[in-house]
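The values are calculated or read from the model by the stated rules, or taken from the named source; none is laboratory data. Being a predicted model, the structure only gives us computed values, none of them experimental. Note that each Cβ is placed from the backbone with ideal geometry, even for glycine, and that neighbours are counted across all protein chains shown. Keep in mind that these areas ignore ligands, DNA and RNA; they rest on the heavy atoms of the full protein, side chains included. Shrake-Rupley method; radii C 1.70, N 1.55, O 1.52, S 1.80 Å.
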Amino acid sequence: MIEYRNVRVALLGAGSVGAQVARLLLEHGDELASRAGAGLELVGIAVRDLAATRDVDLPEELLTTDAESLILSADIVVELIGGIEPARSLVLRALGSGADVVTGNKALLATHGPELFQEAEQVGAQLYYEAAVAGAIPIIRPLHDSLAGDRIERIMGIVNGTTNFILDLMDRQGATFADALATATELGYAEADPTADIEGYDAAQKAAILASLAFHTSVPLAAVHREGITGVTIDQVRAARKAGYVVKILATCERLTDEDGREGVSARVYPALVPESHPLASVHGAKNAVFVEAEAAGDLMFYGAGAGGVQTASAVLGDLVSAARRHVIGGPGIAESTQSNLPVFPIGVVTTRYQITMHVDDAPGALSAVAGVLARHGVSVETVEQTSGGTEGAAPTTATLVIGTHRAREADLAATVTALRNEPVVTAVTSVLRVEGA
Ligand code: HSE
(Lines give C-alpha, C1' and ligand atoms only; values in the text may rest on other atoms or scores of the structure.)
Protein backbone atom coordinates (compact mmCIF):
# COMPACT_ATOMS: atom_id res chain seq x y z
CA MET A 1 0.00 0.00 0.00
CA ILE A 2 1.28 3.44 -0.94
CA GLU A 3 1.95 5.79 1.96
CA TYR A 4 0.84 9.29 1.05
CA ARG A 5 1.88 12.49 2.66
CA ASN A 6 -1.16 14.02 4.37
CA VAL A 7 -2.59 17.37 3.35
CA ARG A 8 -4.60 18.98 6.14
CA VAL A 9 -8.07 20.14 5.17
CA ALA A 10 -10.24 22.50 7.22
CA LEU A 11 -13.91 22.81 6.35
CA LEU A 12 -15.77 26.02 7.14
CA GLY A 13 -19.51 25.40 7.18
CA ALA A 14 -21.54 22.21 7.45
CA GLY A 15 -24.73 23.20 5.63
CA SER A 16 -26.22 21.18 2.78
CA VAL A 17 -23.01 21.30 0.68
CA GLY A 18 -20.48 21.30 3.55
CA ALA A 19 -21.98 18.26 5.26
CA GLN A 20 -21.85 16.29 1.99
CA VAL A 21 -18.24 17.33 1.37
CA ALA A 22 -17.33 16.06 4.84
CA ARG A 23 -19.20 12.80 4.31
CA LEU A 24 -17.63 12.08 0.91
CA LEU A 25 -14.20 13.05 2.18
CA LEU A 26 -14.50 10.63 5.09
CA GLU A 27 -16.12 7.82 3.08
CA HIS A 28 -13.92 8.00 -0.02
CA GLY A 29 -10.67 9.07 1.60
CA ASP A 30 -8.52 6.29 0.06
CA GLU A 31 -9.81 6.79 -3.45
CA LEU A 32 -9.38 10.57 -3.24
CA ALA A 33 -5.86 10.11 -1.86
CA SER A 34 -4.82 7.99 -4.82
CA ARG A 35 -6.15 10.62 -7.21
CA ALA A 36 -4.56 13.51 -5.37
CA GLY A 37 -1.30 11.73 -4.56
CA ALA A 38 -1.85 12.96 -1.01
CA GLY A 39 -3.99 11.92 1.92
CA LEU A 40 -6.82 14.39 2.52
CA GLU A 41 -6.95 14.65 6.29
CA LEU A 42 -10.07 16.47 7.50
CA VAL A 43 -8.67 18.25 10.55
CA GLY A 44 -11.83 20.07 11.58
CA ILE A 45 -15.21 21.49 10.62
CA ALA A 46 -16.07 24.99 11.77
CA VAL A 47 -19.77 25.49 12.47
CA ARG A 48 -21.85 28.22 14.10
CA ASP A 49 -23.83 25.88 16.35
CA LEU A 50 -22.33 22.61 17.58
CA ALA A 51 -25.75 21.21 18.41
CA ALA A 52 -27.50 22.03 15.11
CA THR A 53 -29.31 19.25 13.25
CA ARG A 54 -27.49 18.32 10.03
CA ASP A 55 -28.18 16.30 6.88
CA VAL A 56 -25.28 14.00 7.77
CA ASP A 57 -23.97 12.68 11.10
CA LEU A 58 -20.53 14.21 11.45
CA PRO A 59 -17.89 13.05 13.96
CA GLU A 60 -18.36 15.32 16.97
CA GLU A 61 -14.63 15.54 17.62
CA LEU A 62 -14.17 17.34 14.29
CA LEU A 63 -16.67 20.11 15.04
CA THR A 64 -15.52 23.45 16.38
CA THR A 65 -16.84 26.98 16.57
CA ASP A 66 -13.32 28.41 16.40
CA ALA A 67 -12.87 28.91 12.65
CA GLU A 68 -9.87 31.21 13.06
CA SER A 69 -7.75 28.66 14.92
CA LEU A 70 -8.86 25.86 12.63
CA ILE A 71 -7.67 27.79 9.57
CA LEU A 72 -4.18 28.11 10.99
CA SER A 73 -3.82 24.34 11.25
CA ALA A 74 -4.71 23.67 7.59
CA ASP A 75 -2.99 23.42 4.21
CA ILE A 76 -6.30 23.77 2.37
CA VAL A 77 -9.35 25.63 3.64
CA VAL A 78 -12.76 24.84 2.15
CA GLU A 79 -15.12 27.77 2.63
CA LEU A 80 -18.79 26.83 2.37
CA ILE A 81 -20.31 29.38 4.72
CA GLY A 82 -21.68 31.61 1.93
CA GLY A 83 -22.40 35.34 2.06
CA ILE A 84 -19.81 38.06 2.48
CA GLU A 85 -18.89 38.15 6.17
CA PRO A 86 -17.39 36.31 7.99
CA ALA A 87 -16.51 34.36 4.80
CA ARG A 88 -14.39 37.18 3.33
CA SER A 89 -12.29 37.70 6.47
CA LEU A 90 -11.79 33.99 6.95
CA VAL A 91 -10.77 33.42 3.32
CA LEU A 92 -8.34 36.35 3.49
CA ARG A 93 -6.90 34.97 6.68
CA ALA A 94 -6.54 31.50 5.17
CA LEU A 95 -4.82 32.84 2.04
CA GLY A 96 -2.66 35.11 4.19
CA SER A 97 -1.47 32.08 6.13
CA GLY A 98 -0.44 30.44 2.86
CA ALA A 99 -3.29 27.94 2.68
CA ASP A 100 -5.03 27.25 -0.62
CA VAL A 101 -8.75 27.97 -0.53
CA VAL A 102 -11.62 26.12 -2.18
CA THR A 103 -14.89 28.04 -2.15
CA GLY A 104 -18.36 27.83 -3.61
CA ASN A 105 -19.16 31.40 -2.63
CA LYS A 106 -20.38 33.25 -5.74
CA ALA A 107 -21.41 36.40 -3.84
CA LEU A 108 -17.93 36.69 -2.35
CA LEU A 109 -16.14 36.15 -5.67
CA ALA A 110 -18.43 38.49 -7.61
CA THR A 111 -17.95 41.32 -5.11
CA HIS A 112 -14.44 40.78 -3.69
CA GLY A 113 -12.77 38.57 -6.32
CA PRO A 114 -9.88 40.93 -7.17
CA GLU A 115 -9.02 41.46 -3.49
CA LEU A 116 -8.95 37.72 -2.84
CA PHE A 117 -6.93 36.87 -5.96
CA GLN A 118 -4.44 39.61 -5.13
CA GLU A 119 -3.96 38.24 -1.62
CA ALA A 120 -3.53 34.73 -3.03
CA GLU A 121 -0.96 35.89 -5.57
CA GLN A 122 1.04 37.76 -2.97
CA VAL A 123 1.59 34.67 -0.88
CA GLY A 124 1.63 32.11 -3.71
CA ALA A 125 -1.61 30.49 -2.59
CA GLN A 126 -4.47 29.42 -4.85
CA LEU A 127 -8.18 30.06 -4.89
CA TYR A 128 -10.43 27.41 -6.46
CA TYR A 129 -14.13 28.09 -7.11
CA GLU A 130 -15.69 25.51 -9.42
CA ALA A 131 -18.76 25.25 -7.16
CA ALA A 132 -19.50 28.98 -7.34
CA VAL A 133 -21.18 28.81 -10.75
CA ALA A 134 -23.78 26.25 -11.85
CA GLY A 135 -23.27 23.80 -8.94
CA ALA A 136 -22.08 20.42 -10.17
CA ILE A 137 -21.42 21.51 -13.76
CA PRO A 138 -17.72 21.77 -14.61
CA ILE A 139 -17.50 25.23 -16.17
CA ILE A 140 -14.77 27.17 -14.34
CA ARG A 141 -12.02 24.70 -15.18
CA PRO A 142 -13.11 24.29 -18.83
CA LEU A 143 -13.03 28.07 -19.25
CA HIS A 144 -9.78 28.47 -17.34
CA ASP A 145 -7.86 25.43 -18.67
CA SER A 146 -9.48 23.52 -21.52
CA LEU A 147 -10.39 26.65 -23.50
CA ALA A 148 -7.25 28.61 -22.59
CA GLY A 149 -6.05 28.31 -26.19
CA ASP A 150 -9.28 29.51 -27.69
CA ARG A 151 -11.07 32.84 -27.88
CA ILE A 152 -14.49 32.89 -26.30
CA GLU A 153 -17.01 35.02 -28.15
CA ARG A 154 -20.16 34.51 -26.13
CA ILE A 155 -21.57 32.60 -23.17
CA MET A 156 -25.28 32.15 -22.65
CA GLY A 157 -26.09 30.48 -19.37
CA ILE A 158 -29.16 29.20 -17.62
CA VAL A 159 -27.39 29.57 -14.29
CA ASN A 160 -30.30 29.85 -11.88
CA GLY A 161 -32.32 26.71 -11.34
CA THR A 162 -35.18 28.32 -9.42
CA THR A 163 -36.08 30.73 -12.21
CA ASN A 164 -35.65 28.07 -14.88
CA PHE A 165 -38.03 25.88 -12.90
CA ILE A 166 -40.59 28.73 -12.70
CA LEU A 167 -40.40 29.64 -16.40
CA ASP A 168 -40.51 25.97 -17.39
CA LEU A 169 -43.66 25.42 -15.30
CA MET A 170 -45.27 28.46 -16.93
CA ASP A 171 -44.33 27.11 -20.36
CA ARG A 172 -45.18 23.44 -19.92
CA GLN A 173 -48.15 23.61 -17.56
CA GLY A 174 -49.57 27.05 -18.26
CA ALA A 175 -49.00 28.17 -14.65
CA THR A 176 -49.01 31.87 -13.84
CA PHE A 177 -45.81 33.38 -12.46
CA ALA A 178 -47.34 33.55 -8.94
CA ASP A 179 -48.48 29.90 -9.02
CA ALA A 180 -45.15 28.70 -10.40
CA LEU A 181 -43.27 30.62 -7.70
CA ALA A 182 -45.54 29.09 -5.04
CA THR A 183 -44.74 25.59 -6.38
CA ALA A 184 -41.00 26.39 -6.46
CA THR A 185 -41.23 27.48 -2.82
CA GLU A 186 -43.21 24.37 -1.82
CA LEU A 187 -40.64 22.09 -3.45
CA GLY A 188 -37.76 23.89 -1.77
CA TYR A 189 -36.24 25.41 -4.93
CA ALA A 190 -37.13 28.98 -4.01
CA GLU A 191 -36.14 30.38 -0.64
CA ALA A 192 -38.60 32.06 1.76
CA ASP A 193 -37.35 35.36 0.32
CA PRO A 194 -36.97 34.56 -3.38
CA THR A 195 -35.64 38.01 -4.38
CA ALA A 196 -32.08 36.90 -5.17
CA ASP A 197 -33.33 34.37 -7.68
CA ILE A 198 -36.39 35.99 -9.28
CA GLU A 199 -34.82 39.45 -9.57
CA GLY A 200 -31.70 38.01 -11.21
CA TYR A 201 -29.15 38.92 -8.50
CA ASP A 202 -27.89 35.33 -8.19
CA ALA A 203 -27.52 35.00 -11.97
CA ALA A 204 -25.78 38.41 -12.17
CA GLN A 205 -23.12 37.26 -9.67
CA LYS A 206 -22.50 34.18 -11.80
CA ALA A 207 -22.39 36.30 -14.97
CA ALA A 208 -19.70 38.53 -13.42
CA ILE A 209 -17.60 35.46 -12.57
CA LEU A 210 -18.04 33.81 -15.98
CA ALA A 211 -17.37 37.02 -17.96
CA SER A 212 -14.22 37.80 -15.95
CA LEU A 213 -12.86 34.33 -16.59
CA ALA A 214 -13.92 34.04 -20.23
CA PHE A 215 -12.59 37.41 -21.32
CA HIS A 216 -9.52 37.72 -19.06
CA THR A 217 -10.98 40.94 -17.76
CA SER A 218 -12.18 42.09 -14.38
CA VAL A 219 -15.97 42.40 -14.68
CA PRO A 220 -17.41 43.98 -11.54
CA LEU A 221 -20.87 42.95 -10.41
CA ALA A 222 -22.06 46.56 -10.71
CA ALA A 223 -21.35 46.43 -14.45
CA VAL A 224 -23.71 43.50 -15.02
CA HIS A 225 -27.07 44.67 -16.40
CA ARG A 226 -29.82 42.82 -14.54
CA GLU A 227 -33.54 42.26 -15.10
CA GLY A 228 -35.53 39.57 -13.29
CA ILE A 229 -38.59 37.53 -14.25
CA THR A 230 -41.29 39.04 -12.04
CA GLY A 231 -42.78 40.87 -15.04
CA VAL A 232 -42.95 37.78 -17.28
CA THR A 233 -46.60 36.91 -17.91
CA ILE A 234 -48.26 33.69 -18.98
CA ASP A 235 -49.50 35.55 -22.10
CA GLN A 236 -45.89 36.30 -23.07
CA VAL A 237 -44.86 32.68 -22.52
CA ARG A 238 -47.81 31.39 -24.61
CA ALA A 239 -47.22 33.92 -27.40
CA ALA A 240 -43.53 32.98 -27.40
CA ARG A 241 -44.36 29.30 -27.97
CA LYS A 242 -46.77 30.16 -30.77
CA ALA A 243 -43.97 32.07 -32.46
CA GLY A 244 -41.45 29.21 -31.99
CA TYR A 245 -39.63 30.53 -28.91
CA VAL A 246 -39.21 29.65 -25.24
CA VAL A 247 -38.78 32.31 -22.54
CA LYS A 248 -35.58 31.70 -20.54
CA ILE A 249 -33.68 33.95 -18.15
CA LEU A 250 -30.14 34.02 -19.48
CA ALA A 251 -26.82 35.27 -18.19
CA THR A 252 -25.18 36.48 -21.39
CA CYS A 253 -21.49 37.38 -21.51
CA GLU A 254 -20.29 38.67 -24.84
CA ARG A 255 -17.24 40.07 -26.56
CA LEU A 256 -18.23 42.99 -28.77
CA THR A 257 -17.05 46.07 -30.58
CA ASP A 258 -18.64 49.48 -30.06
CA GLU A 259 -19.42 52.08 -32.72
CA ASP A 260 -15.90 53.53 -32.45
CA GLY A 261 -14.37 50.13 -33.13
CA ARG A 262 -13.28 49.64 -29.51
CA GLU A 263 -13.30 46.06 -28.31
CA GLY A 264 -15.05 45.41 -25.03
CA VAL A 265 -17.31 43.00 -23.21
CA SER A 266 -20.84 42.90 -21.92
CA ALA A 267 -22.42 40.89 -19.12
CA ARG A 268 -26.17 40.96 -18.69
CA VAL A 269 -29.07 39.02 -17.21
CA TYR A 270 -32.62 39.20 -18.50
CA PRO A 271 -35.49 37.02 -19.66
CA ALA A 272 -35.25 36.46 -23.41
CA LEU A 273 -36.88 34.58 -26.24
CA VAL A 274 -34.77 31.57 -27.19
CA PRO A 275 -35.62 29.72 -30.43
CA GLU A 276 -37.14 26.28 -29.78
CA SER A 277 -34.36 24.77 -31.88
CA HIS A 278 -31.59 26.15 -29.62
CA PRO A 279 -30.11 23.59 -27.16
CA LEU A 280 -30.87 25.93 -24.23
CA ALA A 281 -34.59 25.69 -25.04
CA SER A 282 -34.57 22.04 -23.92
CA VAL A 283 -33.17 22.75 -20.47
CA HIS A 284 -36.12 21.92 -18.23
CA GLY A 285 -36.98 22.07 -14.55
CA ALA A 286 -34.32 23.35 -12.18
CA LYS A 287 -31.42 22.20 -14.38
CA ASN A 288 -28.65 24.60 -15.44
CA ALA A 289 -26.76 24.80 -18.73
CA VAL A 290 -23.96 26.98 -20.01
CA PHE A 291 -23.69 27.42 -23.77
CA VAL A 292 -20.27 28.61 -24.90
CA GLU A 293 -19.43 29.94 -28.35
CA ALA A 294 -15.69 29.86 -28.98
CA GLU A 295 -13.83 30.96 -32.09
CA ALA A 296 -12.09 27.65 -32.78
CA ALA A 297 -14.09 25.11 -30.77
CA GLY A 298 -17.45 26.37 -32.01
CA ASP A 299 -20.48 25.72 -29.85
CA LEU A 300 -20.21 23.78 -26.59
CA MET A 301 -22.85 23.12 -23.96
CA PHE A 302 -22.31 22.16 -20.32
CA TYR A 303 -25.46 20.78 -18.66
CA GLY A 304 -26.44 19.44 -15.27
CA ALA A 305 -27.47 20.16 -11.70
CA GLY A 306 -26.91 23.77 -10.75
CA ALA A 307 -27.60 23.31 -7.06
CA GLY A 308 -28.09 20.60 -4.44
CA GLY A 309 -25.87 19.57 -1.54
CA VAL A 310 -24.30 16.39 -2.86
CA GLN A 311 -24.18 17.58 -6.48
CA THR A 312 -22.34 20.79 -5.54
CA ALA A 313 -20.07 18.77 -3.23
CA SER A 314 -18.79 17.01 -6.37
CA ALA A 315 -17.43 20.32 -7.70
CA VAL A 316 -15.89 21.15 -4.31
CA LEU A 317 -14.16 17.77 -4.05
CA GLY A 318 -12.78 18.12 -7.59
CA ASP A 319 -11.17 21.38 -6.55
CA LEU A 320 -9.94 19.83 -3.33
CA VAL A 321 -8.21 16.98 -5.18
CA SER A 322 -6.56 19.52 -7.52
CA ALA A 323 -5.45 21.68 -4.62
CA ALA A 324 -4.03 18.67 -2.77
CA ARG A 325 -2.19 17.50 -5.88
CA ARG A 326 -0.66 20.94 -6.23
CA HIS A 327 0.57 20.73 -2.65
CA VAL A 328 2.47 17.58 -3.52
CA ILE A 329 3.73 18.18 -7.03
CA GLY A 330 3.39 21.96 -7.39
CA GLY A 331 2.15 23.75 -10.48
CA PRO A 332 -0.46 26.42 -11.03
CA GLY A 333 -4.04 26.28 -9.82
CA ILE A 334 -6.93 28.43 -10.95
CA ALA A 335 -5.41 31.89 -11.14
CA GLU A 336 -7.22 35.10 -11.98
CA SER A 337 -6.43 36.23 -15.47
CA THR A 338 -7.08 39.88 -16.26
CA GLN A 339 -4.41 40.50 -18.86
CA SER A 340 -6.91 41.52 -21.58
CA ASN A 341 -8.38 44.17 -19.31
CA LEU A 342 -11.14 45.07 -21.77
CA PRO A 343 -13.69 47.78 -21.00
CA VAL A 344 -17.08 46.55 -19.80
CA PHE A 345 -19.69 48.25 -21.95
CA PRO A 346 -23.04 49.43 -20.60
CA ILE A 347 -26.20 47.75 -21.91
CA GLY A 348 -26.89 50.56 -24.43
CA VAL A 349 -23.90 49.53 -26.54
CA VAL A 350 -24.99 45.91 -26.91
CA THR A 351 -26.73 44.88 -30.12
CA THR A 352 -29.72 42.62 -29.79
CA ARG A 353 -33.11 41.92 -31.31
CA TYR A 354 -36.44 42.93 -29.83
CA GLN A 355 -39.85 41.41 -30.20
CA ILE A 356 -42.41 44.11 -29.49
CA THR A 357 -46.11 43.34 -29.09
CA MET A 358 -48.56 46.24 -29.18
CA HIS A 359 -52.19 47.11 -29.65
CA VAL A 360 -52.77 49.62 -32.44
CA ASP A 361 -55.80 51.31 -33.97
CA ASP A 362 -56.86 49.12 -36.89
CA ALA A 363 -57.15 52.11 -39.17
CA PRO A 364 -55.46 53.38 -42.36
CA GLY A 365 -51.92 54.57 -41.72
CA ALA A 366 -51.42 52.79 -38.38
CA LEU A 367 -48.90 50.30 -39.68
CA SER A 368 -46.98 53.00 -41.52
CA ALA A 369 -46.94 55.19 -38.40
CA VAL A 370 -45.43 52.30 -36.41
CA ALA A 371 -42.93 51.55 -39.18
CA GLY A 372 -42.01 55.24 -39.22
CA VAL A 373 -41.12 55.18 -35.51
CA LEU A 374 -38.76 52.25 -36.05
CA ALA A 375 -37.22 53.82 -39.15
CA ARG A 376 -36.57 57.12 -37.34
CA HIS A 377 -34.56 55.22 -34.71
CA GLY A 378 -32.57 53.32 -37.32
CA VAL A 379 -34.21 50.03 -36.33
CA SER A 380 -34.95 47.65 -39.17
CA VAL A 381 -38.08 45.44 -39.06
CA GLU A 382 -37.48 41.75 -39.67
CA THR A 383 -40.97 40.29 -39.13
CA VAL A 384 -44.45 41.74 -38.75
CA GLU A 385 -47.49 39.81 -37.69
CA GLN A 386 -50.86 41.43 -37.36
CA THR A 387 -54.00 39.88 -35.96
CA SER A 388 -57.34 41.60 -35.64
CA GLY A 389 -58.41 41.71 -32.09
CA GLY A 390 -60.32 43.82 -29.68
CA THR A 391 -63.40 45.90 -29.99
CA GLU A 392 -65.72 44.25 -32.46
CA GLY A 393 -67.95 46.53 -34.46
CA ALA A 394 -66.48 49.61 -32.87
CA ALA A 395 -64.50 52.06 -34.96
CA PRO A 396 -61.59 52.26 -34.99
CA THR A 397 -61.06 48.60 -34.05
CA THR A 398 -57.88 47.35 -32.42
CA ALA A 399 -55.27 45.10 -33.94
CA THR A 400 -52.40 43.29 -32.25
CA LEU A 401 -49.09 43.87 -33.93
CA VAL A 402 -45.99 41.80 -33.21
CA ILE A 403 -42.82 43.30 -34.64
CA GLY A 404 -39.54 41.42 -34.68
CA THR A 405 -36.56 43.65 -35.28
CA HIS A 406 -33.24 42.99 -36.89
CA ARG A 407 -30.21 43.31 -34.66
CA ALA A 408 -29.84 46.92 -33.48
CA ARG A 409 -28.16 48.87 -30.72
CA GLU A 410 -29.93 48.39 -27.38
CA ALA A 411 -30.09 52.16 -26.80
CA ASP A 412 -31.92 52.63 -30.14
CA LEU A 413 -34.27 49.74 -29.41
CA ALA A 414 -35.14 51.11 -25.98
CA ALA A 415 -35.74 54.57 -27.47
CA THR A 416 -37.97 52.97 -30.12
CA VAL A 417 -40.15 51.37 -27.44
CA THR A 418 -40.48 54.70 -25.59
CA ALA A 419 -41.47 56.43 -28.84
CA LEU A 420 -44.00 53.69 -29.64
CA ARG A 421 -45.62 54.17 -26.24
CA ASN A 422 -46.08 57.86 -27.13
CA GLU A 423 -47.31 57.21 -30.70
CA PRO A 424 -51.05 58.08 -30.97
CA VAL A 425 -51.99 54.97 -33.06
CA VAL A 426 -50.42 52.67 -30.43
CA THR A 427 -52.93 52.10 -27.64
CA ALA A 428 -50.62 49.84 -25.59
CA VAL A 429 -47.22 48.17 -25.79
CA THR A 430 -48.01 44.86 -24.09
CA SER A 431 -44.70 43.02 -24.31
CA VAL A 432 -41.07 43.73 -25.03
CA LEU A 433 -38.66 40.80 -24.99
CA ARG A 434 -35.21 40.41 -26.45
CA VAL A 435 -34.36 37.50 -28.71
CA GLU A 436 -31.13 35.62 -27.96
CA GLY A 437 -29.52 32.65 -29.61
CA ALA A 438 -31.03 33.25 -33.05
N1 HSE B 1 -30.59 29.69 -5.89
C2 HSE B 1 -29.71 29.11 -6.83
C3 HSE B 1 -30.51 28.52 -7.98
C4 HSE B 1 -28.86 28.04 -6.22
O5 HSE B 1 -31.74 28.50 -7.93
O6 HSE B 1 -29.93 28.08 -8.94
C7 HSE B 1 -27.41 28.11 -6.49
O8 HSE B 1 -26.88 29.33 -6.76
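Summary of computed values
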| read-out | value |
| --- | --- |
| Per-peptide average of other Cβ atoms within 10 Å, ordering 272-278, 418-424 highest first | 272-278, 418-424 |
| Cβ-placed point charges (K, R +1; D, E -1), dipole of the chain about Cα centre in debye, nearest 20 | 620 debye |
| Net length gained if the chain between Ile234 and Val123 were fully extended (0.36 nm per residue, minus Cα distance) | 34.7 nm |
| Amide H contacts of Leu127 (H built 1.01 Å from N, under 5 Å, at least 5 apart or other chain) | Val101, Ile334 |
| Sparsely packed trypsin sites (Lys or Arg not before Pro) within the stretch 43-105, loop by DSSP, other Cβ within 10 Å at most 12 | Arg48 |
| Label point at Ala148 placed 7 Å out along Cα→Cβ; residues across the stretch 194-216 whose backbone nitrogen lies under 19 Å | 210-216 |
| Fraction of the pair-distance distribution of the stretch 319-378 above 14 Å, Cα-Cα pairs, percent | 77 percent |
| Cα-centred dipole magnitude for the stretch 37-182, charges only on beta-carbon of K, R (+1) and D, E (-1), debye, nearest 20 | 480 debye |
| Accessible area, probe 1.4 Å, largest first, for residues Glu85, Glu130 | Glu85, Glu130 |
| Relative contact order computed over the stretch 350-435 (Cα-Cα under 8 Å; 6+ residues apart), in percent | 49 percent |
| Segment Ala363-Thr397, extension gain: residue separation times 0.36 nm, minus the distance between their alpha carbons | 11.5 nm |
| Backbone HN-Hα couplings from phi across the stretch 65-77 [Karplus 6.51/-1.76/1.60, Hz, Gly and Pro as x] | 9, 9, 4, 4, 5, 4, 3, 5, 9, 10, 8, 10, 10 |
| Cα centroid separation - the stretch 226-270 against the stretch 41-77, whole Å | 42 Å |
| Acute angle (nearest 10 degrees) that the helix 16-27 long axis makes with the longest principal axis of the chain, alpha-carbon atoms | 40 degrees |
| Per-pair calculated FRET efficiency, R0 = 51 Å: Ser282 and Leu72 via Cβ, rounded to 0.05 | 0.55 |
| Accessible area expressed per residue, the chain, with surrounding protein chains retained (probe 1.4 Å, Å²) | 43 Å² |
| Whole-number percent relative contact order across the stretch 8-160, with pairs defined as alpha carbons under 8 Å at least 6 apart | 19 percent |
| Relative contact order computed over the chain (Cα-Cα under 8 Å; 6+ residues apart), in percent | 16 percent |
| Helix axis angle, 201-215 relative to the chain longest principal axis, alpha carbon, degrees | 80 degrees |
| Farthest positive-ward along the chain dipole, Cα basis, beta-carbon charges - from Pro424, Ala214, Ala251 | Pro424 |
| Net length gained if the chain between Ala375 and His28 were fully extended (0.36 nm per residue, minus Cα distance) | 118.5 nm |
| Size of the chain as Cα extents on the principal axes (Å, biggest first) | 86, 48, 35 |
| Folded to 0 to 90 degrees: helix 177-186 orientation relative to the chain principal axis, Cα | 20 degrees |
| Rounded percent of accessible protein surface that carbon and sulfur make up, the stretch 140-305, 1.4 Å probe | 48 percent |
| Positive-end extreme of charge dipole, the chain - chosen from Val265, Thr53, Leu143 (charges on Cβ) | Val265 |
| Where chymotrypsin sites (Phe, Trp or Tyr not before Pro) fall in DSSP loop in the stretch 290-334, at most 13 other Cβ within 10 Å | none |
